[in-house]
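A.B. asks: Before anything else, here's the structure in question.
Values in this text are rule-based calculations from the coordinates and carry no lab data. Everything quoted here is computed from the prediction, not taken from an experiment.
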Amino acid sequence: MDGRNRNNIEVGVWVEVVQKNHQRTGELTEGCVRRILTNAKFHPHGIKVMLDSGEVGRVKNILEE
């Protein structure tokens, strides 16, 4: 699913995000969404979320269960 549309993301969903300091390398961090931080319905670089671990990043992939 597309991580650029806010409608695809819900609290509790497992996702892969890229953190700000890993944007150049593209290193992904996996986790469960605690909060959705982007208010817009769409963002070209991915919706910004906070994971349960406290890490913040933009959603690149929504993992299927």
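A.B. asks: With θ taken as phi - 60° and the coefficients 6.51, -1.76 and 1.60, list the Karplus ³J(HN,Hα) couplings across the range 14-27 in order, rounded to whole Hz; mark glycine and proline as x.
C.D. replies: Using θ = phi - 60°, the values come out as 7, 9, 10, 10, 10, 7, 3, 6, 10, 5, 5, 7, x, 4 Hz.
A.B. asks: If one puts a single equal scatterer on every Cα of the chain and applies the Debye formula without solvent, what log₁₀ I(q)/I(0) results at q = 0.22, 0.24, 0.25, 0.30 Å⁻¹?
C.D. replies: Debye intensities relative to I(0), on a log10 scale: -0.79, -0.95, -1.03, -1.47.
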